2 protein chains.
Amino acid sequence: MALDQTAPSPIPEDEGAMRKSPTQKRSRERVEHILMSASRLIAERGSDTMRMSEVAELSGISIGSLYQYFPDKAAIIRTLAERYNAISRTCITDGLADVTTMEDLQRAFSALIDEYYAIFLAEPVIRDIWSAMQADKALREIELEASRQNAILLTTALKRALPGEDIGKLQASALLVMYFCECVMRLAISTGEPEGRVLIEAYKRMAYRSFDDAPAFPRLLTPGG
Amino acid sequence: MALDQTAPSPIPEDEGAMRKSPTQKRSRERVEHILMSASRLIAERGSDTMRMSEVAELSGISIGSLYQYFPDKAAIIRTLAERYNAISRTCITDGLADVTTMEDLQRAFSALIDEYYAIFLAEPVIRDIWSAMQADKALREIELEASRQNAILLTTALKRALPGEDIGKLQASALLVMYFCECVMRLAISTGEPEGRVLIEAYKRMAYRSFDDAPAFPRLLTPGG
DNA sequence: AGCAAATGTGAGGATAGCTCATGTTTTGGA
DNA sequence: TCCAAAACATGAGCTATCCTCACATTTGCT
């Protein structure tokens, strides 16, 4: 109903949301133009008030052409969201590549969170899309999928840093930590500075501890718990 | 722009979203009727597809009357959200009332999370509103405010269980823990069972540890960190 | 050049939130 | 009881926006 899986194309990631895979070069350029126009409008006034007619006008094309490339308004936003996810996935891959100890992980994770927060503060489009994300079911699935992919990267690093750890618990922790990254960004944006920074730092501590295998209260935990 | 603070009424919480405070008894009953109709429609098909005309029809009133009690569609959803927040706040207050040790807190928090998750699974209206919550700026502020209030309750319990702890860190941790409760519910609902249960349990562990004052990796932390 | 396929166009359909001029009921004082 | 004023109810229709579709234009190929 919401997701049309009409994508037997070789590049399903970006082209999946499109009406047909553009064959001509100009078409591909138009798609980029549309996405840039949409970005600009979202940055200026938000995705809710962005009108499709404006996107068409700013892209120098008609409404009909616009709908030839994107089946609906949500598809444009989804495409932007997936692009930003791809970027952040690359950052995470790079950041965690050389991690072999918990000390490495701590430094790398802290740096990644700071970087991510800086991007959030600087990029109104990301802020807006991630805020409106929960409204659309397809967008929620995209966010979950991104968290899963990021969690795989984190789990890989964790396995190197904590060999012999229970894999299931590592995976669950990693997914929570990555998903909560998005959440804490939204929270920090909502509260504003300087509280946002405090919460980001508190989250770093929270995440570090969750990686640790030792129970927080060993003397209190009942064995069956 | 988004929020009209036209509420010099004595009860700003529920009546704040209304067009005028109803003076006649029948009016008050109608408000309840409207909210029940809206709940039913949201439970059946979601708040996005809930139409104001349907709410009016199911409430046995006209569109015009509907708009006499609620200034817009979002106000109905906001009112429902605030009611559910009030209920959960009561549960948290009760659940944390007798907490004096970390052992108490662990048990109480675990029980609260389980209870909350059960409500989420059982109540489609709560699920829907909390999912769509991030779409509306006013709703995001309501969620933040609820998390703040719940965090105050948690901080109070934490101060009893961990006297001598740094208050600022406790407050930040408490806010994160309470805000993440909402987030992990959304996550668990997205993944579905049985993964949802696993994530809930992982979150309990994560939350416990965040309360602990001891650094997770004392041998690694630099003093200035 | 000439034809078919791909692409472009924008008036208008469809839907849903919301308004407002008008009608009806309740209230409260004489 | 009677009446005027205030409160409340009504629903046709205004508005705004997403999206479609019948038709026009351009492109690629022989």
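The numbers here are math on the coordinates, done by the rules we state, and not lab data. Everything numeric here is computed off the predicted structure, so don't read it as measured data. When we count neighbours, we look across all protein chains shown, and the Cβ atoms used for this are built from the backbone with ideal geometry, even at glycine.
A few remarks follow.
- The ranking of A:L66, B:L187 from fewest to most other beta carbons within 10 Å of each one's beta carbon is A:L66, B:L187.
- Here the residues B:R78, B:R89, ranked from fewest to most Cβ neighbours within 10 Å of their Cβ, fall in the order B:R89, B:R78.
- Plainly put, the tip 7 Å out from Cα toward Cβ on B:P71 is 3.8 nm from that tip on each other copy, the closest given first.
- In plain terms, the residue of A:I189, A:I76 with the fewest other Cβ atoms within 10 Å comes first and the most crowded comes last, giving A:I189, A:I76.
- Over the range A:102-212, the reciprocal of the mean inverse Cα-Cα separation, the Kirkwood hydrodynamic radius, stands at 14.6 Å.
- Other copies of A:R28: label-to-label distances in nm, shortest first, labels 7 Å along the beta-carbon direction: 6.8
- The overall shape of the range B:153-196, judged from the alpha-carbon gyration tensor, is prolate: a/c is not under 1.5, and a/b is greater than b/c.
- 7 Å along Cα→Cβ, label-point gaps from B:E57 to other copies, nm, shortest first: 3.6
- The overall shape of the range B:97-158 is oblate: from the C-alpha gyration tensor, with semi-axes ordered a ≥ b ≥ c, the ratio a/c is 1.5 or greater and a/b is no larger than b/c.
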